[in-house]
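First the structure, in the form of C-alpha cells, and then the observations on it.
The values are calculated or read from the model by the stated rules, or taken from the named source; none is laboratory data. Just so it is clear, the model here is predicted, and its values are computed rather than measured. Here the Cβ positions follow ideal geometry from the backbone for every residue, glycine too, while neighbour counts run over all protein chains shown. Just the protein is used for accessible areas: all its heavy atoms, side chains included, with ligands, DNA and RNA removed. Shrake-Rupley method; radii C 1.70, N 1.55, O 1.52, S 1.80 Å.
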Amino acid sequence: MNIWLIMLCGGLATFAIRLSFIYLFGRLRIGEGLRRALNYVPPSVLSAIVFPELFMPGGAFDVSLGNVRLLAGTAAALVAWFSKNTLATIVAGMAVLTLLSLF
C-alpha cells in the first residue's frame with residue numbers, strides 16, 4: 001500500500017509542478033529576451049542527452065571509427081541537414097546503427 005501512496009503523491013506533485021508553469025505562463029507576460037532564451041532549452045536538453053551516448057559509449061571517450069554510435073549519429077545528422085525530415089533522420093540513423101552493429 002505504501003508504494004501506491006508514494007506513486008500517487010509523486011504523480012500529483014509532478015502534475016502540480018507542470019500545471020503551475022502552464023498556469024503562470026498563461027497569466028504572466030514574459031519579456032522578449034526570456035522568450036528567446038527559452039527557445040534554446042529543448043535543443044540544449046536534447047544535446048545533453050544525446051552527445052554523451054555518441055561520444056562516450058560505455059563511459060569512455062571514443063571518437064574512433066569503431067564507435068558505431070558516433071558513425072550512426074553522424075549519418076543521421078547529415079540526413080537531417082539535407083532532408084530536413086525528422087522521420088528520414090530517425091530511420092537513417094537506426095539503419096546505419098543496425099548495419100554497423102551487424103558487421
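Across region 62-103, what is the number of residues that are within 20 Å of the chain's Cα centre (by Cα), modelled with pLDDT under 95 and loosely packed, with under 12 Cβ neighbours inside 10 Å?
2
When region 1-40 is examined, which residues are found to be assigned to a helix (DSSP H, G or I) and among the hydroxyl-bearing types (S, T, Y)?
Matches in region 1-40: T14, S20, Y23.
So which pairs qualify, if the first residue must be in region 30-55 and open to solvent by 80 Å² or more (accessible area, probe 1.4 Å), the second must be part of a helix (DSSP H, G or I) and among the basic types (K, R), the Cβ gap must be under 8 Å, and the two must be at least 6 apart or on different chains?
Within 8 Å, the pairs are E53/R69.
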